[in-house]
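S.K.: The structure's right below; bear with me while I get my questions together.
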Amino acid sequence: MKRQLASSLAIAFSTLAIWSCNQSDPAPKGDYISGVFVSNEGNFQDNNGGISYFARESTTADADIFAAANGTALKGGVQDYAASEEQGIILVDNSVTGQDKVQFVHRYTFKDEGTIGAPDIENPREVVIVGRKAYVSCWGTDVDKYSTGYIAVIDLTTKKVTKKINVSDGPENLTYANAKLYVGTTQWGVGNKLAIINTNSDEATSPIATPGIANPVGIDANGKLWVNVGDKMLRINTETNATEATLPIATGGTKTAGNFTLSNDLKSIFFVLSWYDSAFKEHGATYKFSISDTQIAMVTPLIPRPFYGLAVDPSQGLLYAGVSPSYKQAGYAVRYRADGSLVDSVKVGIAPSGFFFQ
């Protein structure tokens, strides 16, 4: 009798424990809860970009998760991807005029949740999410002179563009800090200034004059803004907008610096310095410098090769580098440690240029 009672009590407690766990553990939200999302630009004329996904511990990626979830491709090149709460935002740039769009998806299932197209979105480049608003840099319709660029402000609740803030000269890279959105321009633009948008009022304020085409890199551990200006790096005080330091990059006059990204502790900056030969083959290397350096050492590269895109996983500190063999075949996401030592590589889509870590 005692043995039966003990057994019954054990079963009862066990059942209660299982029920309690089931009550406290939320149901799975989808197939893409935690991992790495890769923006693959694809071939512009083929409009075959996509988002690849893989878990951090995996070396195999799902090649196109939007197509897998919805039974249809994005039908354009992927310029950027970001997510907040349960919403994901994909910027799709189609080679056909008027076919560009912002594609909304469920963050964890990647199911289609609607789009915003032309004329609100024309040649989208990068997206930053601030609260319940998304800011999308758009070149507009005049991509030859970059005279119609703007920042599209999207209400994420209604999924509508509420305002277009005029920022000509091909608005490109975006960095956000303390209610300020810093807007860079494409290297083919003509504006030697860094635009600033007040995200409380969604109005452009006085820009910061720069000695060349400006592109913001990010905010470092000391709260300073780093901006690339051609062959220079500027460290800017975000309170006064004054340039506190200028670090030259030895380009030799023929090399181009790009793909800047901050380390996970925000104390170092990685970048690629590259050039093309007469056969249009890219050469170059990847470098790293500290935010406390007074000059950028270019003697020994961190990694002796260039990449199509760079990003750092904030949770692990690994450097992710996009490799694009051509615009007709799949590329790779290659992982490195902060000291430049190789970890592994994952086959993804065509022309991997951006990464989002979840």
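S.K.: Which pairs do you get when a residue that is farther than 20 Å from THR243 by Cα and of a type outside the set (A, V, I, L, M), found in segment 197-210, comes within reach of a residue that is assigned to a loop (DSSP other than H, G, I, E, B) and modelled with pLDDT of 95 or more, reach meaning Cβ atoms under 7 angstrom, with the pair 6+ apart or on two chains?
M.R.: Matching pairs, first to second residue: THR199/ALA179; ASN200/ALA179.
S.K.: Continuing with this model, one more query. Can you find, within segment 262-285, the residue that is surrounded by the fewest Cβ atoms within 10 Å (Cβ to Cβ) among those that are under 20 Å from SER324 (Cβ atoms) and touching a residue at least 40 places away in the same chain (Cβ under 8 Å)?
M.R.: So, considering only residues that are under 20 Å from SER324 (Cβ atoms) and touching a residue at least 40 places away in the same chain (Cβ under 8 Å), the one surrounded by the fewest Cβ atoms within 10 Å (Cβ to Cβ) is PHE271.
S.K.: Among the residues of segment 193-226, count how many are among the acidic types (Asp, Glu) and open to solvent by 40 Å² or more (accessible area, probe 1.4 Å).
M.R.: Here the count works out to 1.
S.K.: Within segment 54-71, take every residue that is among the small types (Gly, Ala, Ser) and more than 15 Å from LYS111 (Cα to Cα) and give me the one that is most open to solvent (accessible area, probe 1.4 Å).
M.R.: To start, the set of residues in segment 54-71 that are among the small types (Gly, Ala, Ser) comprises 55, 58, 61, 63, 67-69, 71.
Next, from what is left, pick out any that are more than 15 Å from LYS111 (Cα to Cα): 55, 58, 61, 63.
Values: ALA55: 26, SER58: 32, ALA61: 22, ALA63: 66 Å².
The qualifying residue most open to solvent (accessible area, probe 1.4 Å) is ALA63.
S.K.: If we scan segment 165-179, do we find a residue that is in a loop (DSSP other than H, G, I, E, B), small (Gly, Ala, Ser) and surrounded by 19 or more Cβ atoms within 10 Å (Cβ to Cβ)? Walk me through how you get there before you give the answer.
M.R.: Of segment 165-179, the ones in a loop (DSSP other than H, G, I, E, B) are 167-170, 178-179.
Checking the rest, the ones that are also small (Gly, Ala, Ser) come to 168, 170, 179.
Narrowing the set further to residues that are surrounded by 19 or more Cβ atoms within 10 Å (Cβ to Cβ) leaves 168, 170.
So far as segment 165-179 goes, yes, one or more of its residues are in a loop (DSSP other than H, G, I, E, B), small (Gly, Ala, Ser) and surrounded by 19 or more Cβ atoms within 10 Å (Cβ to Cβ).
S.K.: Assuming VAL190 fulfils every condition listed in (1) farther than 22 Å from LEU273 by Cβ; (2) in contact with a Lys or Arg (Cβ under 8 Å, 6 or more places away or on another chain); (3) open to solvent by 10 Å² or more (accessible area, probe 1.4 Å); (4) touching a residue at least 40 places away in the same chain (Cβ under 8 Å) apart from one, which condition is it?
M.R.: Status for VAL190: all satisfied but (2).
S.K.: Of the conditions (1) without any contact (Cβ under 8 Å) to a residue 24 or more places away in the chain; (2) farther than 28 Å from SER315 by Cβ, ALA67 fails just one. Which one is it?
M.R.: (2) is the only condition that ALA67 fails.
S.K.: Determine, yes or no, whether GLY258 is open to solvent by 60 Å² or more (accessible area, probe 1.4 Å) and farther than 22 Å from TYR53 by Cα.
M.R.: On the way: open to solvent by 60 Å² or more (accessible area, probe 1.4 Å): no; farther than 22 Å from TYR53 by Cα: yes.
It is false that GLY258 is open to solvent by 60 Å² or more (accessible area, probe 1.4 Å) and farther than 22 Å from TYR53 by Cα.
S.K.: Just the residues that are in a strand (DSSP E or B) and touching a Gly at 6+ places or on another chain (Cβ under 7 Å), please, taken from segment 233-270.
M.R.: First pass over segment 233-270, keeping only residues in a strand (DSSP E or B): 233-236, 243-248, 256-262, 268-270.
Scanning segment 233-270 gives ASN259, LEU262.
S.K.: Give the residues of segment 83-103 that are crowded, with 20+ Cβ neighbours inside 10 Å and touching a residue at least 24 places away in the same chain (Cβ under 8 Å), sorted by residue number. Break it down into steps so the answer makes sense when it comes.
M.R.: Of segment 83-103, the ones crowded, with 20+ Cβ neighbours inside 10 Å are 88-93, 100-103.
Listed by number, the residues that qualify are ILE89, ILE90, LEU91, VAL92, ASP93, ASP100, LYS101, VAL102, GLN103.
S.K.: Quick test of your reading of the structure: GLY230 fulfils all but one of (1) among the small types (Gly, Ala, Ser); (2) surrounded by fewer than 15 Cβ atoms within 10 Å (Cβ to Cβ); (3) out of contact with any strand residue (DSSP E or B) (no Cβ under 6 Å at 6 or more places or on another chain). Name the failing condition by number.
M.R.: Of (1) among the small types (Gly, Ala, Ser); (2) surrounded by fewer than 15 Cβ atoms within 10 Å (Cβ to Cβ); (3) out of contact with any strand residue (DSSP E or B) (no Cβ under 6 Å at 6 or more places or on another chain), only one is false for GLY230: (2).
S.K.: Name, by its number, the condition in (1) among the hydrophobic types (A, V, I, L, M, F, W, C); (2) over 17 Å from the mean Cα position of the chain (by Cα); (3) over 30 Å from TYR336 (Cβ atoms); (4) surrounded by 17 or more Cβ atoms within 10 Å (Cβ to Cβ) that does not hold for LEU74.
M.R.: (3) is the only condition that LEU74 fails.
S.K.: Give me the residue from segment 140-164 that is at pLDDT below 95 and within 21 Å of VAL78 (Cβ to Cβ) and, out of that set, most open to solvent (accessible area, probe 1.4 Å). Talk me through it step by step, then tell me what you get.
M.R.: Start the filter on segment 140-164 by keeping residues that are at pLDDT below 95, which leaves 140-149.
Subset that is within 21 Å of VAL78 (Cβ to Cβ): 140-141, 143, 149.
Numbers: GLY140: 2, THR141: 98, VAL143: 52, GLY149: 1 Å².
Ranking the candidates gives THR141 first.
S.K.: Could you check how many residues of segment 294-317 are aliphatic (A, V, I, L, M) and within 23 Å of GLY50 (Cα to Cα)? First the steps, then the outcome.
M.R.: Our first condition is that a residue be aliphatic (A, V, I, L, M); within segment 294-317, this holds for 296-299, 302-303, 310-312.
Pick out the ones that are also within 23 Å of GLY50 (Cα to Cα) and you get 310-312.
Summing the residues that are aliphatic (A, V, I, L, M) and within 23 Å of GLY50 (Cα to Cα) in segment 294-317 gives 3.
S.K.: Go through segment 58-147 and tell me which strands (runs of 3 or more DSSP E), entirely inside it, have 1 or more residues that are closer than 21 Å to ASN48 by Cβ and touching a His at 6+ places or on another chain (Cβ under 8 Å).
M.R.: Details: elements: 77-84, 87-93, 101-106, 112-117, 124-130, 133-138.
Correct list: 87-93.
S.K.: So which strands (runs of 3 or more DSSP E) stay within segment 288-358 end to end and still have 3 or more residues that are open to solvent by 20 Å² or more (accessible area, probe 1.4 Å)? Break it down into steps so the answer makes sense when it comes.
M.R.: Numbers: elements: 309-312, 319-323, 332-336, 342-347, 352-357.
In segment 288-358, the matching strands (runs of 3 or more DSSP E) lie at 342-347, 352-357.
S.K.: Residues to consider are ASN259, ASN228; find the one that is under 19 Å from LEU181 (Cβ atoms) and in contact (Cβ under 8 Å) with a residue 24 or more places away in the chain.
M.R.: Values: ASN259 fails: under 19 Å from LEU181 (Cβ atoms).
That would be ASN228, the only listed residue that is under 19 Å from LEU181 (Cβ atoms) and in contact (Cβ under 8 Å) with a residue 24 or more places away in the chain.
The values are calculated or read from the model by the stated rules, or taken from the named source; none is laboratory data. Treat the numbers as computed from the prediction; the structure is a model and nothing was measured. With ideal geometry, Cβ positions are generated from the backbone for all residues, glycine too; neighbour counts draw on all protein chains shown. SASA here: full protein model, heavy atoms, side chains in, ligands and nucleic acids out. Shrake-Rupley method; radii C 1.70, N 1.55, O 1.52, S 1.80 Å.
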